[in-house]
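Undergrad: Got a structure for you, questions after.
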Amino acid sequence: MTPDAVAMTTITPSLFVAKEQMADCTSPVDNVSTPDCTSPVDAVSPPDCTSPVDTVSPPDCQTVLAHFPDLSDGNLDEGICQVYRSATCSKFLTNKTVFVSSIHSQGIMEEKLAAAFSVIASSQDVSSECHKYAIPSLCFYAFPLCDNASTPKPRHVCRDECEVLENSICRLEYSIAKRHPLIGQQKILPTCEDLPPFGSKASETCVRLGVPNSIQKNDKHTCYMGMGDDYRGTLSYSVSGHKCQHWSHQIFYHTSDHPELTGGHNYCRNPGRTESQPWCFIADPQVRKEMCEIPQCGKQQVLLTY
């Protein structure tokens with residue numbers, strides 16, 4: 001548990017700032033107009049989830065929880081496309097096609113999200129910056145846009161933006177939300193490590209929300225300066241020709257400490273200046289990691305946009 005989470009263990013499990021007008025829910029996704037977030041969602045009244053986080057949730061919460069079927073079984077990438085006809089995320093998704101696991105799951109997920117948003121609307125625990133991106137993130141995770149070019153598939157939220165929200169912009173808010181029975185226990189929060197790594201085929205259609213300081217990549221970086229800790233190029237092979245492993249496959253360097261690893265990509269980096277130049281982990285169990293074959297910028301070379 002993070003120090004922030006420990007400090008909040010006696011705070012009520014409300015999540016986001018209570019706002020008479022939950023404005024500035026801006027999102028550039030598909031040029032969809034943003035919600036004012038002021039109206040009660042489907043007139044769902046918030047359950048009495050006011051017990052401390054570390055205690056048993058009160059009966060009203062338990063009643064709500066018992067009403068929700070479990071949607072976690074099966075392959076999350078198997079399902080059908082439906083036009084979104086609900087209310088909770090209407091300002092983002094009206095008349096858009098979303099991916100659902102069954103013909104009934106849109107209604108079930110709508111009830112879960114409505115209950116969570118009722119908690120959000122009456123809470124006092126969010127920064128305005130977090131609130132700006134958290135609402136659309138929840139909507140597009142709960143109701144992913146449908147890519148039905150051939151077989152229906154969900155367009156996931158982008159992993160790098162998910163990690164920035166969880167580890168930076170909404171770090172405290174997410175630590176509290178994960179413990180709330182109507183939010184964290186209902187699997188409506190994105191699990192960033194389960195999303196496709198940045199640079200993978202599956203990530204090409206991910207939904208971007210415009211979260212700042214997400215993926216750190218610069219195709220103009222063809223050489224490195226100094227120790228290469230500022231290198232943000234896309235080379236992903238070691239000096240011996242091994243393909244670099246994704247940074248999400250190791251446990252030594254975390255994106256919360258090293259944002260240059262955000263997105264789970266496999267580009268050469270030098271997190272924490274631990275080596276003399278950019279490097280990466282490789283699949284060889286005898287070597288584990290190798291330097292990358294990236295030239296050091298010479299006196300006559302200029303690495304643009306540093």
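Undergrad: Any chance you could run the full-extension gain for ILE103 through LYS243? It's 0.36 nm times the residue separation minus the Cα-Cα distance, nm to one decimal.
TA: Working: separation 140, 0.36 × 140 = 50.40 nm, distance 4.19 nm.
Value of the extension gain: 46.2 nm.
Undergrad: Residues in region 202-224, backbone N under 20 Å from the label point at GLN296 (7 Å along the Cα-to-beta-carbon vector): list them, ranges by number please.
TA: 221-224
Undergrad: Which residues does a label at ASP147 reach in region 187-207, if reach means a backbone N under 19 Å from a point 7 Å past the Cα toward the Cβ?
TA: In region 187-207, the label zone of ASP147 (backbone N under 19 Å from the point 7 Å along Cα→Cβ) covers 190-207.
Undergrad: Right, next: Can you tell me, using C-alpha contacts under 8 Å and at least 6 residues apart, the relative contact order of region 185-306 as a whole percent?
TA: Relative contact order, region 185-306: 28 percent.
Undergrad: Right, another one. Which of the trypsin sites (Lys or Arg not before Pro) found in region 77-172 are loop residues per DSSP with 12 or fewer other Cβ atoms within 10 Å of their Cβ?
TA: none
Undergrad: Between SER276 and MET225, what is 0.36 nm times their sequence separation minus the Cα-Cα distance? Round to one decimal in nm. All intermediate terms of the calculation are to be shown ahead of the outcome.
TA: Working: separation 51, 0.36 × 51 = 18.36 nm, distance 1.05 nm.
Taking SER276 through MET225 to full extension adds about 17.3 nm, to one decimal.
Undergrad: Also, quick follow-up: Can you list the HN-Hα couplings for region 190-195, worked out from phi with the Karplus curve (6.51, -1.76, 1.60; θ = phi - 60°), rounded to whole Hz and with x for Gly and Pro?
TA: x, 9, 4, 5, 8, 7
We did not get these values from a lab; they are worked out from the coordinates using the rules stated. No experiment lies behind these values; they were computed from the predicted model shown. Here Cβ is always computed from backbone atoms with ideal geometry, including for glycine, and neighbour counts include all displayed protein chains.
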